[in-house]
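K.L.:
First the structure, which I've put down as structure tokens, then a few questions once you've had a look.
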């Protein structure tokens, strides 16, 4: 299960919509398994059908996470013309994120609706869907 604030999910959706028709990508990081922030990243492919983190940016983000004591919890990207189901390339590349990292896909194929799904990619590059539980965060 991905337990996450609705504000963080909204950030991911807004990023995906802003980048459309290019696939948006980024990460959700946190501490002790609790997602705390979204980090938007550049799609090095600049593609409508694939994404790759730009190498220098990825190194910078990973170092910043380490300095802040954060952990990578979720890699996200958008599908601009299809449902949010992992492609073969998505599952093949997902293993490089590390064991336990979830993969969130947002579909921006329709301007009127947003479909989002989360997955755990398994050793054999198959995947299983993980429930997303959005929590409303009360203003302080």
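K.L.:
Simple spin-label model, 7 Å along Cα-to-Cβ: residue 7 to residue 34 in nm?
P.N.:
It is 1.3 nm.
K.L.:
Take the Cα atoms of the chain, find their three principal axes, and give me the spread along each one in whole Å, biggest first.
P.N.:
Answer, in whole Å and largest first: 36, 32, 28 Å.
K.L.:
At 7 Å along the Cα-to-beta-carbon direction for both residue 96 and residue 67, put a label point, then send me their distance in nm to one decimal.
P.N.:
For the pair residue 96/residue 67, the computed spacing is 2.4 nm.
K.L.:
Can you tell me how much longer the chain between residue 89 and residue 17 gets when fully stretched, taken as 0.36 nm per residue apart minus their C-alpha distance, in nm with one decimal?
P.N.:
Here the segment from residue 89 to residue 17 would lengthen by 23.7 nm.
K.L.:
Counting each DSSP H run of 4 or more residues in the chain as -39500 (n - 2.57), what helix-only mean residue ellipticity at 222 nm follows after dividing by all residues, to the nearest 500 deg cm²/dmol?
P.N.:
Dividing the helical sum by the residues of the chain leaves -7500 deg cm²/dmol.
K.L.:
For Cα pairs less than 8 Å apart in space and 6+ apart in sequence, what is the mean separation divided by the residue count of the chain, i.e. the relative contact order in percent?
P.N.:
26 percent
K.L.:
I've got another one for you. Using 0.36 nm per residue, how much length does the chain from residue 50 to residue 132 gain when fully extended, once their Cα-Cα distance is taken away?
P.N.:
27.2 nm
Readers should treat all values here as calculations from the given coordinates under stated rules, not as data from a laboratory. None of the values given here were measured: they were computed from a predicted structure. Here the Cβ is made from the backbone with ideal geometry for all residues, glycine too, and neighbour counts use every protein chain on show.
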